[in-house]
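The structure appears below as structure tokens.
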Amino acid sequence: MTLQEQIIEATQHRGGLKMQPCLAVDPVWFAAIQTEVRSLLAEKEASNVSAKVHPTNWTNPYGNVTQHSLYNETGKTGDTATDHNLKLEGKVFAAPEYVSLQRFFAAFQSKALNFRLNGLMAKSGLSPHEENIIHGDKLRMRLHLPILTNPQARVMLDGEQLHLLAGVIYYFNNGCVHSADNSGDEPRYHLVWDFFLDDWSEENVFNLNSAASPAEGLRKLSLAEAAELSVSEPWHIEQYINYKNEIVKVGAAGQGN
């Protein structure tokens, strides 16, 4: 199957491509990003996902869940209004003083629909849900870069759960039933951004047989590295929320009835 077919297969809960480790960030650059993210957390306003008006609140967050919007129309990190409008135009990077972070975003800026720093404090998470990633003839893709994490921070995808390693960029198919949980004692922060699948992203992000990458300092993973980082454990749920905000019961085969 083509990459697009594999992704759609996963959104139909029939296997397919749920997740793929794709790129590694140069260690020195990544350390600088981590330092800047710590400063950003102390200096910039976050939005509260627990607020009923927050666009992520429908996922039933628990504990203390935060977001910093880093690419929007106002340049304010607490402004989520244009995070999901699917527009490429009219947005600005909201933290230009953080040069290593801005350099990273610049590698994806021409394609990015949004760019956020998502935080799960200790004993916090998002409940199982699935999102609509098919927009006409376009597929909305999502990448995660764990910045600050701990071994008890997990993501779940259609029957699987795993820990995402700091410094590695992962494709995360949010069209699958998925959730996130931080059972650890330290906060977990991921950079998360969306874009539409196209030839550029297939070659520079997904094709591990090609050395092409979005920018210098971003290295394609080898097939062996990607396989090692894809090892998961079983995950079982009883129900989830779909993108229509309906509760779906899960049958014995792991699919909604």
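Might you let me know whether the stretch 3-15 holds any residue that is surrounded by 21 or more Cβ atoms within 10 Å (Cβ to Cβ), part of a strand (DSSP E or B) and in contact with a strand residue (DSSP E or B) (Cβ under 9 Å, 6 or more places away or on another chain)?
No.
Quick check on my filter: what residues within the stretch 37-65 are closer than 16 Å to ILE147 by Cβ, of a type in the set (A, V, I, L, M) and not in a strand (DSSP E or B)?
Within the stretch 37-65, VAL37, LEU40, LEU41, ALA42, ALA46 meet the criteria.
Here's the yes/no breakdown for (1) more than 24 Å from GLU5 (Cα to Cα); (2) surrounded by fewer than 22 Cβ atoms within 10 Å (Cβ to Cβ); (3) of a type in the set (Gly, Ala, Ser):
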{"position": "SER110", "(1), (2), (3)": "yes, yes, yes"}
{"position": "PHE115", "(1), (2), (3)": "yes, no, no"}
{"position": "ILE134", "(1), (2), (3)": "no, yes, no"}
{"position": "LEU148", "(1), (2), (3)": "yes, yes, no"}
{"position": "PRO151", "(1), (2), (3)": "yes, yes, no"}
{"position": "GLN161", "(1), (2), (3)": "no, yes, no"}
{"position": "GLY167", "(1), (2), (3)": "yes, yes, yes"}
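Is one or more of the residues making up the stretch 38-45 surrounded by 15 or more Cβ atoms within 10 Å (Cβ to Cβ) and under 27 Å from ASN173 (Cβ atoms)?
So far as the stretch 38-45 goes, no, none of its residues is surrounded by 15 or more Cβ atoms within 10 Å (Cβ to Cβ) and under 27 Å from ASN173 (Cβ atoms).
Return the residue satisfying two criteria in turn: it lies in the stretch 66-81 and is part of a loop (DSSP other than H, G, I, E, B) and touching a residue at least 24 places away in the same chain (Cβ under 8 Å), and of such residues it is farthest from the chain's Cα centre (by Cα).
Only one residue fits best here, namely LYS76.
Would you mind stating whether VAL53 is farther than 27 Å from CYS176 by Cβ, of a type in the set (Val, Ile, Thr) and out of contact with any strand residue (DSSP E or B) (no Cβ under 6 Å at 6 or more places or on another chain)?
No: the conditions fail for VAL53.
So ALA95 clears everything in (1) surrounded by fewer than 22 Cβ atoms within 10 Å (Cβ to Cβ); (2) in contact (Cβ under 8 Å) with a residue 12 or more places away in the chain; (3) assigned to a loop (DSSP other than H, G, I, E, B); (4) not basic (Lys, Arg) except one condition, right? Which one?
Looking at each condition in turn, ALA95 falls short on (1).
Which condition does ALA95 not pass, out of (1) closer than 22 Å to PHE30 by Cβ; (2) of a type outside the set (Phe, Trp, Tyr); (3) under 18 Å from the mean Cα position of the chain (by Cα), if it passes all the others?
Failed condition: (3).
Consider ARG103 carefully, then state whether it is surrounded by fewer than 21 Cβ atoms within 10 Å (Cβ to Cβ) and farther than 29 Å from GLU160 by Cβ.
So ARG103 fits the description; yes.
Taken together, the values in this text are just the output of simple stated rules run on the coordinates, not laboratory data. These figures come from a predicted structure and were not determined experimentally. Cβ sites come from the backbone with ideal geometry, for glycine too, and all protein chains shown count toward neighbours.
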